[in-house]
Amino acid sequence: MLIFFAYCDAKVRGTFDRQRYEQPAKVYARPLVLATGAILTAYELESELGELGYSSRRLVDQPGSYFRQGDHFTIYLRPFAFADGLQPARKIEVEMNSTTVGVVRNKLGDRIAEEQLDPMVIGGVYPGRHEDRLMLSLAEAPQMLIETLVQVEDQHFYSHFGISPRSIVRAMLANIKAGRTVQGGSTLTQQLVKNTILSNERSLWRKAKEAVMSILTEMHYSKDRILEAYINEVYLGQEGNRAIHGFGLAARHYYNRPLEELNLGQVAMLVGLVKGPSYYDPWRHPERAKTRRNIVLGELEEEGWLTTQQLAEWQKEPLELAKTSALAGVYPAYVDLVRRQLSRDYQSKELQTSGLRIFTPFDPVLQRRAEKATVKSLQRLEARQKDLEVAMVVTKVNSGDVVAVIGGKRPKYAGFNRALDALRPIGSLAKPAVYLAALNQPNQYSLLTKVSDEPVSISNANGSQWRPSNYDRKSHGEVPLHTALAHSYNLATARLGMQVGLDKVMAMFQRLGVQRPLLEVPSMLLGSAELAPIEVAAMYQTLAADGRYTPLRTIYAITDNKGELLARYPQKPKQVVNSAAVHLLQYAMLETVREGTGKGVYQVLPKDYRVAGKTGTSNDTRDSWFAGFAGDYMAVVWMGLDNNTSTGLTGASGALMVWRQFMAEASTEQMPFSLVDGVEYQWVDSISGKLSQSWCENARYMPFMSGSAPRERGGCAPEPEKVWGWFRSVFD
């Protein structure tokens with residue numbers, strides 16, 4: 001018997017002390033910045049406030065509330081400990097224009113440069129059992145919650161010694177009267193012991209251990225310590241494979257608000273869930289949840305805490321859940337990417353128990369637009385191919401920040417993350433590296449350099465012959481480089497790559513940010529290399545940033561659970577390719593979407609909106625790719641089947657549809673038109689390659705690296721240059 005008591009005592013002490021401090025790391029999205037001129041609609045602002053759990057009320061008298069009157073917002077911002085310091089609660093006024101933020105004022109009415117909302121929690125790093133909690137001290141828990149919980153679950157909590165004989169007898173009589181189990185006799189202490197130490201086994205032996213451990217718990221710890229542990233440990237729901245523990249996290253999960261901002265009806269709903277979180281799940285069984293909430297409210301009325309009229313008013317209230325399902329506001333693909341970066345710098349135990357706060361550039365608005373674009377495109381395409389899958393990565397051109405990730409056609413569900421782990425042949429997305437390797441040698445190649453698009457046979461290292469062909473099964477004779485890339489000619493690309501040298505093309509892939517070792521074989525020139533969308537994004541981010549490489553960033557700061565800064569992740573761009581050569585390549589990629597394989601982009605985007613991109617299709621149309629960029633965002637889209645069979649889709653008929661829809665809704669900055677050092681523009685005859693003038697037939701205004709422009713003139717006489725006007729007439 002002494003051994004049994006010693007065992008129980010050790011389990012109680014060890015488990016109770018350890019469990020009390022486990023806090024998974026929390027991952028935060030970017031805070032929405034409200035600055036004059038920022039691109040944002042009044043609808044988007046109100047949507048963001050709703051997702052953050054701000055309550056709309058005419059009297060804005062506490063943090064987490066707002067009132068909208070037309071385009072005017074009064075917002076009481078919550079306090080928040082950002083990586084650069086604590087931001088106190090404060091009231092602001094915001095005047096919105098049709099598509100931008102108009103004026104931001106403080107509570108005194110003075111104009112201020114900017115303000116920012118508190119950021120949204122988008123995920124965490126959980127222990128192996130996938131439990132999550134938001135730790136609260138007993139002092140932080142609202143008195144309304146404590147009193148309601150004790151009244152409903154354990155009226156004699158402050159007088160019993162861990163078990164309550166009176167409660168057991170009362171429950172037994174109620175169950176006999178009902179002919180079934182309608183009431184339990186467990187105290188809060190017993191529930192805590194069962195939840196934290198014991199299994200769900202139903203046996204007299206387990207009940208005996210529960211009783212002994214409950215008594216020992218009361219001997220070692222104060223009532224306040226026990227109650228604090230309970231409000232942090234009690235299981236209150238599920239979000240996918242993530243278990244929701246504690247009232248602090250439950251308030252965020254169901255209402256997206258801090259616990260102290262909940263009203264009595266909301267607190268009653270949470271307390272009601274203790275009896276059965278699955279059975280009373282308010283999303284799956286809203287009527288059950290409402291009935292249970294009303295029973296809790298009824299118990300408060302019986303105790304005299306509510307009048308009959310107040311009870312009737314509270315029971316009429318809707319559940320007021322903050323989202324439409326348990327998985328709304330869940331972004332597993334992005335959080336997966338964050339976890340992988342974290343694992344390089346932190347041990348798993350530290351991430352799972354220390355309450356770290358991870359700040360990311362993730363943008364929920366852009367993520368929603370990406371999800372909307374994929375859903376809309378898949379609905380059109382799935383009539384042709386039912387099991388089509390999709391992946392997408394979006395970055396900010398000016399920083400390399402990853403702002404949105406889609407890992408599959410069901411983006412709210414964790415599982416195989418195709419954005420990070422689907423290694424698929426990239427097809428013609430490889431071609432820009434080939435052409436850039438050539439253009440980086442201005443003494444040999446320019447956009448006008450002719451290359452043969454005739455059949456070619458190349459020997460592999462094993463003696464076999466590689467005989468590529470064009471998608472249209474035709475050859476096109478001698479074509480200039482810009483045309484070969486814009487129309488994605490395979491024969492011309494293969495010949496050019498062999499002329500430049502496989503070693504130089506391989507080196508270009510690495511300079512652009514592809515770190516995975518690639519086979520140095522001729523077929524690599526046409527995209528036989530298998531990469532994940534995130535790896536392609538690194539390559540195209542460098543192209544979008546004018547040849548400046550920076551590792552894709554998903555974390556910009558980490559603090560501890562008290563807000564103390566632990567680490568920053570600043571970006572350090574490095575010029576890895578001559579910006580002049582990249583400018584020439586961008587010209588050809590502009591041409592790709594104007595005249596070549598990507599021209600379907602302008603079936604949705606405005607005709608005068610400058611973007612650049614490249615289609616990609618692997619053998620037998622197994623993979624459909626599109627990668628491209630505007631002035632603000634770069635996006636890579638992949639479509640295919642998990643069984644790697646043919647989709648029947650090219651890059652233009654599949655992935656491009658998602659890309660253009662996303663850019664149409666998300667991008668507000670087209671590619672800038674600016675001259676680059678080391679680049680000169682000349683009028684040339686696109687057929688002969690000789691110097692020309694704007695009015696001449698076949699005239700094209702094209703960029704050349706200094707000293708590489710043609711010198712021989714055609715038949716047109718010179719005229720004063722009309723550089724900017726003509727170029728804008730073509731590309732604007």
Original post:
Is one or more of the residues making up the range 681-697 of a type in the set (V, I, T) and crowded, with 20+ Cβ neighbours inside 10 Å?
Top reply: yes
Subject >> Residue satisfying all of: in the range 27-56; at pLDDT 85 or above and assigned to a strand (DSSP E or B); surrounded by the most Cβ atoms within 10 Å (Cβ to Cβ) among these >> reply: V27
**OP:** Kindly indicate the residue of the range 664-714 that is of a type in the set (D, E) and out of contact with any Phe, Trp or Tyr (no Cβ under 7 Å at 6 or more places or on another chain) and also farthest from L584 (Cα to Cα) among those meeting that condition.
**Re:** E665
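Out of Q575, Q586, report the one residue that is in contact with a strand residue (DSSP E or B) (Cβ under 6 Å, 6 or more places away or on another chain), surrounded by fewer than 16 Cβ atoms within 10 Å (Cβ to Cβ) and modelled with pLDDT of 95 or more. Before you say what the answer is, go through the steps one by one.
Values: Q586 fails: surrounded by fewer than 16 Cβ atoms within 10 Å (Cβ to Cβ).
From the options Q575, Q586, the qualifying one is Q575.
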Subject >> Pairs with Cβ under 9 Å, 6+ apart, first in the range 299-322 and not assigned by TED's automatic domain parsing to the domain that holds S55, second among the β-branched types (V, I, T) >> reply: E299/T148; E299/V152; L300/T148; L300/V152; E301/T307; E301/T308; W305/T148
Original post:
Going through the range 81-94 one residue at a time, which ones are surrounded by fewer than 18 Cβ atoms within 10 Å (Cβ to Cβ), outside any loop (DSSP other than H, G, I, E, B) and either touching a residue at least 60 places away in the same chain (Cβ under 8 Å) or under 27 Å from the mean Cα position of the chain (by Cα) (or both)?
Top reply: A81, G85, L86, Q87
Original post:
Within the range 383-397, how many residues are charged (D, E, K, R) and without any contact (Cβ under 8 Å) to a residue 24 or more places away in the chain?
Top reply: 1
**OP:** Report the residue count in the range 571-592 for those that are in a strand (DSSP E or B) and either without any contact (Cβ under 8 Å) to a residue 24 or more places away in the chain or under 17 Å from V679 (Cα atoms) (or both).
**Re:** 1
Subject >> Which numbered condition A652 misses (of (1) more than 20 Å from L447 (Cα to Cα); (2) at pLDDT below 90) >> reply: (2)
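Does W625 qualify as being closer than 19 Å to H487 by Cα and either in contact (Cβ under 8 Å) with a residue 40 or more places away in the chain or β-branched (V, I, T) (or both)? Let's see the steps before the verdict.
On the way: closer than 19 Å to H487 by Cα: yes; either in contact (Cβ under 8 Å) with a residue 40 or more places away in the chain or β-branched (V, I, T) (or both): yes.
So W625 passes the test.
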Subject >> Within the range 95-110, tally of residues that are closer than 24 Å to L59 by Cα and touching a residue at least 12 places away in the same chain (Cβ under 8 Å) >> reply: 11
Original post:
Inside the range 593-692, counting only strands (runs of 3 or more DSSP E) that do not spill past its ends, which hold 2 or more residues that are closer than 24 Å to S428 by Cα?
Top reply: 612-617, 623-629, 633-640
Original post:
Taking the range 313-354 as the region of interest, how many residues are under 22 Å from the mean Cα position of the chain (by Cα), small (G, A, S), modelled with pLDDT under 75 and surrounded by 18 or more Cβ atoms within 10 Å (Cβ to Cβ)?
Top reply: 2
Original post:
Which numbered condition trips up E233, out of (1) of a type outside the set (A, V, I, L, M, F, W, C); (2) crowded, with 19+ Cβ neighbours inside 10 Å; (3) free of Cβ contacts under 8 Å to residues at least 60 places away in the same chain?
Top reply: (3)
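The values are calculated or read from the model by the stated rules, or taken from the named source; none is laboratory data. Given the structure is predicted, the values throughout are model-derived calculations rather than measurements. Glycine gets a Cβ as well: all are built from the backbone with ideal geometry, and neighbour counts include every protein chain shown.
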